[in-house]
Amino acid sequence: MDKELKEMFSLILQKLDGVDRRFESMEARLDGMDRRFDAVEARLDGMDRRFESMEARLDGMDRRFESMEARLDGMDRRFDAVEARLDGMDKRFEAVEARLDALDTGLRNVRLKLENEIAENIKRVAEGHMDLSRNLHEAMKPQTEIEMLVIRVNSLETKVRDLQQKVSTIS
């Protein structure tokens with residue numbers, strides 16, 4: 001029995017040696033896995049640092065964009081103010097144009113009256129004075145009546161033109 005016990009102990013010791021080798025192998029593998037996990041953890045720490053750096057840079061960019069947006073909003077407000085001023089100037093220019101058109105119409109009427117009535121009347125009066133060599137008494141009576149009639153006709157023609165112009169502006 002001793003021999004059997006020794007063999008059994010020997011077998012048990014061999015098996016324990018095998019188990020021990022397996023544990024050592026497993027321990028070596030676990031150590032390898034620990035090293036790998038440490039390497040992965042180190043890489044993840046590096047990635048965390050990079051992400052934190054990127055996040056800080058993105059925060060800085062956000063602040064810059066907010067600053068730019070505020071500046072653009074200010075520029076928009078200034079452009080709106082300029083546009084409002086330009087609209088006011090447009091209205092004032094339209095009013096000035098309307099006044100210039102009215103002055104132009106009035107000036108045209110004065111020119112027409114000057115050309116058609118006053119100039120004609122002056123010519124007629126001048127022509128009448130040339131006839132002074134004739135008998136003043138004879139020449140004055142009929143000529144005066146004719147000149148008066150011509151002046152009245154010129155005045156009536158001007159009034160008719162004014163009425164026509166007023167009618168045309170109303171239409």
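Computed from the C-beta positions of Asp38 and Asp2, the FRET efficiency with R₀ = 30 Å rounds to 0.05.
Between 0 and 90 degrees, the angle of helix 136-170 with respect to the longest Cα principal axis of the chain falls at about 20 degrees. In this structure the stretch 1-82 gives 101 Å² per residue of accessible area when probed at 1.4 Å with all protein chains present.
Where the accessible area of the stretch 45-86 is counted over protein heavy atoms with a 1.4 Å probe, how much of it, in %, is carbon and sulfur? Exposed carbon and sulfur together represent 54 percent of the surface. For Lys15, the lysines whose Cα falls under 30 Å of its own Cα, not counting residues fewer than eight places away in the same chain, are Lys3, Lys6. By a 1.4 Å probe calculation restricted to protein chains, Ser25 has an accessible surface near 60 Å², given to the nearest 10.
Within the listed set Arg43, Arg21, Arg108, the residue fluctuating most in the Gaussian network model of the chain (springs between alpha-carbon atoms under 10 angstrom) is Arg21.
Apply the a/c threshold of 1.5 to the C-alpha gyration tensor of the chain and tell me whether it is rounded, prolate or oblate. Prolate is the answer for the chain, as a/c is 1.5 or above and a/b outweighs b/c.
The calculated 222 nm mean residue ellipticity attributable to helices in the chain amounts to -35000 deg cm²/dmol, summing -39500 (n - 2.57) over DSSP H runs of n ≥ 4 and dividing by all residues.
The values are calculated or read from the model by the stated rules, or taken from the named source; none is laboratory data. It should be emphasised that the depicted structure is a prediction, and the values quoted were computed from it without experimental measurement. Neighbour counts run over all protein chains shown; Cβ positions are idealised from the backbone, glycine included. Side chains are part of the model used for accessible areas, which takes the heavy atoms of the whole protein and leaves out ligands, DNA and RNA. Shrake-Rupley method; radii C 1.70, N 1.55, O 1.52, S 1.80 Å.
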